[in-house]
Each structure stands twice: as structure tokens, then as C-alpha cells.
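The values are calculated or read from the model by the stated rules, or taken from the named source; none is laboratory data. All values reported here derive from a predicted model rather than from experimental measurement. Positions of Cβ are generated from backbone atoms using ideal geometry, with glycine treated the same way; all protein chains shown enter the neighbour counts. Protein only, heavy atoms only, side chains kept; ligands, DNA and RNA dropped before computing areas. Shrake-Rupley method; radii C 1.70, N 1.55, O 1.52, S 1.80 Å.
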Amino acid sequence: GGLGVDVILASTGLDEASVAKNMELIASGASPKLSNKVAKCLKKNSGQMSVALEYKRAVGDEEEVYHVDFRRYSVKVRESKLDVLFIDTTSPMGMQDCASFVAEQASAKGSFPGPVPIVSTGAKTTLDVAQAKALGCQGIMVGFSGENAQELVKAGLSVGLEVVALVATVAQVEAAVAAGASIVCTAPSLKDVEPAQAAQAALALKEKIPVGIVAVAGLDAHIGGPPAEVFSPQVELMQIELGLVKDKDANNNFSQKVLNYAAALKEVKSDSGPFSGMIALTAVQNSGLRVERNYGTWLLEKLLSKKSASFNIGEGTLGLS
């Protein structure tokens, strides 16, 4: 039994002593001063909407990523101006990838663009929180649909992690704020909800998020289907000429569905203004697969684009003002 954990720890870049120290801090209910690096990256002074992607290994994906691919991808997200990288650190491979991302991003310290801050997702136990901190994450996402959300927020704050609360109801917004989350993210809508309804649901939650709290919108990056099905890196020129692809600028043949949701969320405004940022959940599942990397890069580019209030969706445009 004991050996298994040590082997996992060794291969995942986790330092056991750090994890143990973090567990002690959590048990003692420490309250160190928090950096607000993640909050600042998600709520830009310029007022421009920030964009974050979640890197989340699929269940059962045990494949090691070739280190050159990995480094190249980590550099790419930084150069593409990703604001924050969210990583599911609850699987051994997720931890290993997280450790690699943290190390590669740290190598950009002092240069421009600088390191992208990393936030852990998927935490279900205080041990997950202790491990996220030991891996070098700067924040932690806590889902408020779970029973022990308050406990996890408290654990995150005890080890100096900024907390991003994922909420789906008004009661969860209130609970997240009361627990001390500094960033609140509205949960993405389910697949059978139309973009306009999804935006309405997000607005209803946003209206309840206090002004001092950073409000961001969650987007399901797979709402149009997984990248391998909806996204192919190249469109044949022939297809454009035959009129099979509506978008004249298309280098990509992909589902526009995810962009329609993004456009609808960008239009959401409550009394305190629009969302500060958008988090595309499950955006990339394995940086070793070209289709996954390309999809993540494409999505980031589209979400950062100033024009994106009016994505061309074939039969007309959405949200043109």
C-alpha cells in the first residue's frame, strides 16, 4: 500500500514534505496573507475580458506527453496571451503535467510575457488542496455543488491559495462569498440549453456576486462535441470554393457552437458591468495530441479576439451591435 503513494509522488513532481507541511497548515487553520495575482490576471485594469483555459486529462488517460511537445505547448499558451491556466490536478498524470507546466512557466520569470499563473481544479479533499499548493499552483477552484465546499475553501486559504468558486445557484454564490472566495465563476450551462438561456442563467448569478468579488463566466469547451469530432486543423480550399464552408476566412472546419455560447456570455451585463473574464473548461485534454493543442490555441485566439461579439455562425451573425 505505502509504496504506491511514494511512487506516484515521485513521478508526479510532488514533494511529500511540502504536502505534509500543507496538511498541518490546513489542520491549524492558518491564515497567511494572500497574493491577488490570479484575481488581477482575471480582472484586467484595461477592462478587457480575460481568458483562461482548463487543461484536464480525460479519465483513464495515462499517456506521458513527450517533453518537447509539452514545452512547446506551455510556451505557446504564454505567447498567445493566456491570462490564467487552470489544471485538473486530481489524477497522477494531471499532477505530472501540472508540475511540468509550473516549471516551464517559472522559466519565463523576468521576461515578457511573464509566467501564466496556474490554478488547480478538481479538488474533492483537503489532501487535493495540500497537493495543489505543493505542485506550485497559485489558486484553487472549488465546486460549490460538493458537500464540503466550505472546508475546501478554508483549506485553500490556509495554504495561501486564491480561491475560485464554481457556482450554479444563487445559494451557492452566497455560500462561496461567505466562505471567503475572492473569485466566483458561474458554472457552464448544460448541452441542451440554448446560448441565450445560458446567458440569462449566468446573468441571474452575476447579479448576486458582490462588487468586490471578481466575477467570471464558465464555458464548456466541449459543448459542441470533443475537438476530434468538431475540429479539424485544415479546411480544403475546395470546400470553401464549393460553398460547403460558410466562413470565407476559414482555415478551420469546426463547430461554431462553443463560440455562440462565448458570444452570448460576453454580452451579459449586470449593474456592475460585464464578466471580467471567461474560463473555458475542459479546453485541452492532452498537450501531446495535436488536435487538442490546436483546438485550445484556436479557442484562445477566438475568445481573445475583439471581434468576437459577432461570430459568423453560417446563417447570420449573433449579437451584432
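Listed values, structure above:
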| item | result |
| --- | --- |
| Filter result for Thr121 (under 17 Å from Asn22 (Cβ atoms) and modelled with pLDDT of 95 or more) | no |
| Leu82 surrounded by 13 or more Cβ atoms within 10 Å (Cβ to Cβ), at pLDDT 95 or above and over 27 Å from Arg293 (Cα atoms) | no |
| Residue pairs meeting the criteria (Cβ under 6 Å; at least 6 apart or on separate chains; first without any contact (Cβ under 8 Å) to a residue 12 or more places away in the chain and open to solvent by 30 Å² or more (accessible area, probe 1.4 Å), in region 172-200; second among the aromatic types (Phe, Trp, Tyr) and part of a strand (DSSP E or B)) | none |
| Region 126-171, subset surrounded by fewer than 17 Cβ atoms within 10 Å (Cβ to Cβ) and charged (D, E, K, R), residue modelled with the lowest pLDDT | Glu147 |
| Residues satisfying the stated conditions in region 42-73, i.e. open to solvent by less than 30 Å² (accessible area, probe 1.4 Å) and modelled with pLDDT of 95 or more | Leu42, Ser50, Val51, Ala52, Leu53, Glu54, Tyr55 |
| Qualifying positions in region 75-106 - farther than 24 Å from Val159 by Cβ and of a type outside the set (A, V, I, L, M, F, W, C) | Lys76, Arg78, Glu79, Ser80, Lys81 |
| So Ala175, is it modelled with pLDDT of 95 or more, more than 20 Å from the chain's Cα centre (by Cα) and part of a helix (DSSP H, G or I) | yes |
